[in-house]
Amino acid sequence: DAGITQSPRYKITETGRQVTLMCHQTWSHSYMFWYRQDLGHGLRLIYYSAAADITDKGEVPDGYVVSRSKTENFPLTLESATRSQTSVYFCASSEWSTVSGELFFGEGSRLTVL
Amino acid sequence: KNQVEQSPQSLIILEGKNCTLQCNYTVSPFSNLRWYKQDTGRGPVSLTIMTFSENTKSNGRYTATLDADTKQSSLHITASQLSDSASYICDGSNAGKSTFGDGTTLTVKP
């Protein structure tokens with residue numbers, strides 16, 4: 001009963017470095033999402049994907065890149081990390097779009113950019 | 001711009017007591033409203049999902065209400081337990097996009 005898993009759970013990096021956060025789900029859900037959670041902002045959508053090879057920008061996509069070559073994986077890459085990207089990142093999946101489906105979240109990846 | 005506002009920001013209650021958390025949303029067009037529980041250091045877990053046509057939805061000791069006319073929702077927790085200590089997040093969605101509130105931090109004390 002793995003569900004949705006994120007790795008790494010904790011990461012410390014330096015400004016300018018590339019970082020990739022991994023997300024894997026075992027339910028074969030069509031939709032996958034990346035959110036960041038910061039104090040005072042709630043959860044904000046970075047990118048989402050409706051299916052393999054289909055991705056779209058969310059509310060705060062700048063500085064992030066995603067890909068989805070397989071249904072079960074949805075990695076998030078920070079190509080050149082900045083201090084403002086220090087945050088907790090959550091991956092989520094849903095069988096349907098958020099219009100009617102339940103969102104299942106991973107445990108989060110806490111990223112610190114020095 | 002879609003907005004979701006939650007109140008209070010934080011709340012402390014004694015074990016066994018009831019409490020109600022509020023969520024006001026400005027989401028258009030509105031599809032549904034969700035409540036999540038987020039334990040410290042964990043991901044959010046869905047408690048209830050309500051469409052615009054539903055007035056109430058229960059999940060054990062958690063009962064959510066929705067008033068689509070006033071654009072308000074509440075989450076009522078009955079007979080609170082220490083394990084209810086968490087952040088409770090409201091989410092209003094439209095056309096596949098979710099807008100999350102900042103959450104209410106609930107602390108249940110023995």
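Just so you know, all these numbers are worked out from the coordinates, no wet-lab data involved. Treat the numbers as computed from the prediction; the structure is a model and nothing was measured. Positions of Cβ are generated from backbone atoms using ideal geometry, with glycine treated the same way; all protein chains shown enter the neighbour counts.
Structure above, values below:
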read-out	value
Which listed pairs, of B:71/B:97; A:11/A:70; A:57/B:37; B:1/B:71, have C-alpha distances above 19 Å, in listed order	A:11/A:70; A:57/B:37
Of A:85, A:18, A:37, the one that fluctuates the most in a GNM where chain A has Cα springs shorter than 10 Å	A:18
Proximal charge balance of residue A:90 [Cβ under 9 Å; K/R count +1, D/E count -1]	0
Shielding by other protein chains, A:43-50, mean Cβ within 10 Å	3
Measure of compaction for the protein assembly as shown (Cα Rg per 2.2 N^0.38 Å)	1.01
15 Å beta-carbon shell around residue A:23, net charge (K/R +1, D/E -1)	+4
Diffusion coefficient, µm² s⁻¹, Stokes-Einstein with Kirkwood Rh over alpha-carbon pairs of chain A at 20 °C and 1.002 mPa s	154 µm²/s
Compactness of chain B, expressed as Rg and Dmax over alpha-carbon positions, Å	13.2, 42
Most mobile listed residue (A:49, A:80, A:28) in chain A, GNM with C-alpha springs under 10 Å	A:80
Fluctuation leader among B:56, B:20, B:40 - chain B, Gaussian network, Cα springs under 10 angstrom	B:40
